[in-house]
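Read-outs throughout are calculated quantities, based only on the coordinates presented, and are distinct from any laboratory measurement. Keep in mind it's a predicted model, so treat the numbers as computed, not measured. With ideal geometry, Cβ positions are generated from the backbone for all residues, glycine too; neighbour counts draw on all protein chains shown.
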Amino acid sequence: MSGVVTVEQVGWDDAFQEYFLGFSHHFGRVETRWQARKYLRGLMAPLGRRNGWTLAEQAGDDTPDSMQALLCSPCFDRDAVRDEIRAGLVEAIGDEGGVLVADETGFIKKGKGSAGVQRQYTGTSGKIDNCQIGVFLAYHTRYGRALIDRELYLPQSWTADRDRCGRAHIPDDVAFATKPEQAQSMLERAVQAKVPFAWFTADEAYGQHRKLREWCEERDIAYVMATRKDHEAPSGLHTVTRVDQLIAKVRAGAWRRMSCGDGAHGPRVHDWVSVPVRAEFPHGRRGWVLARRSISTGELAYYVCFGPRGTRLRTLVSTAGARWAVEESFQTAKNEVGMDQYQVRRYDAWYAHITMAMAAAAFLTIIRTAEAVTGKPSSKQTKTA
């Protein structure tokens, strides 16, 4: 499911039209609807850059004004379109054994006017940079993977300055929320929408957030989340122990070599071991500390886990490995549909462009999944989004 593939290259006109009609009613005016269709087609066109000018030229518009107006339009129900994207993906790749993955990605920016921008660390550049941070929820199943939700992270330097927020069109009722809190909101929306899944996973920025873990436990959402080596886990009556110390006590023969999934260069093979957490969990569930050891360097990584009794090590390992699905989804959305190539500053415009990019990436996922199964697009898998 890799490589840039466009609507024009494979003649998906009928499938695209049916797909777009699934959510076109969420653009309240006919001219907004028509512009949205052109914007979406432009995102999937073989363009070097996808910004207002190039999208306008692709659509045959004289200026980028109409494209820019779409992103700020009050006739564009961004959240409703997001919900339709999620529903279409569930129909195409839904699986009770699926994994929801939370993660963030950076959008490098110049200046100080773009909503949420500030100097902050981003894995996109691997350093502190002037950027916006988007927090996303991906859906990964044996049939495919794609982004299904998004939130723009607003640092306290923004939410504490309502005049600055006003200039970026950030509504007055939008308050500060941590990235784990944003992930929890997206996870809650997925649950309410009855997205079928078995596990949730995220990196240590989320695994270290106790309230997020407790929220998942209360709602019986099984998870495997990365954590730091100094994370303390219950190890006995009224005692806790650092996870690296717990794992250090494991006998050498307990480690198992297995793959946590395929990567760009084949199976990602490591040594793995799990240790039960000595604590009572809601719903009669169990907890574990999971460790991953590099075959080449011996470097260790740690995870905290919650799930059904009797869960096998292989299940914990595959769930931990599923986190890479969100990185692959970011790569698809940025490289194939220009998710990071926008030139907007407004809060509502960010959500508009990101939602349209998610819609374009979802269409490619749905079509590829259908072709992998049947050799051609199926009406069932392209009638909604």
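Remark: for residue pairs Lys194/Lys334; Lys38/Lys127; Lys38/Lys110, the C-alpha separation exceeds 31 Å in Lys38/Lys127.
Site-free segments of the chain were taken between GluC sites (Glu not before Pro) in DSSP loops having at most 13 other Cβ atoms within 10 Å, sites themselves excluded; the longest one is 97-279.
In sequence order, region 291-306 has phi-based couplings of 10, 10, 10, 5, 5, 7, 10, x, 4, 10, 10, 10, 9, 10, 10, 9 Hz under the Karplus curve 6.51 cos²θ - 1.76 cosθ + 1.60, θ = phi - 60°, and Gly or Pro positions carry x. Our coupling estimate for region 186-196, obtained by passing each phi through the Karplus curve with A = 6.51, B = -1.76, C = 1.60 and θ = phi - 60°, is 5, 5, 5, 5, 5, 5, 4, 7, 6, 5, x Hz, Gly and Pro reported as x. If you build a Gaussian network model of the chain, linking Cα atoms that sit under 10 Å apart, which residue out of Arg86, Arg213, Arg314 swings the most? Highest fluctuation among the options: Arg314. Each residue of region 48-64 is assigned a 3J(HN,Hα), and the resulting list reads x, 10, 10, 10, x, 5, 5, 5, 5, 4, 4, 7, x, 7, 6, 9, x Hz, derived from the Karplus form 6.51 cos²θ - 1.76 cosθ + 1.60 (θ = phi - 60°), x at Gly and Pro. Projected onto its three principal axes, the C-alpha set of the chain covers 70, 54, 39 Å, listed from the longest axis down. Less than 5 angstrom separates the built amide H of Leu137 from those of Ile148, Asp149, Arg150, all sequence-distant by 5 or more or on a different chain.
In terms of other Cβ atoms within 10 Å, Thr159, Thr105 run from fewest to most in the order Thr159, Thr105.
For Ile170, the residues whose modelled amide H falls within less than 5 Å of its own, excluding neighbours fewer than 5 places apart on the same chain, are Tyr347.
Using the C-alpha atoms of region 204-322, what convex hull volume per residue, in cubic angstrom, is computed?
That works out to 110 Å³ per residue.
Based only on other Cβ atoms within 10 Å, what is the fewest-to-most ordering of Trp324, Trp53? Walk me through the numbers before you get to the answer.
Working: Trp324 20, Trp53 15.
Exposure proxy ranking, most exposed first: Trp53, Trp324.
For the chain, the dipole from Cβ point charges (+1 on Lys and Arg, -1 on Asp and Glu) about the Cα centre works out to 1180 debye, to the nearest 20.
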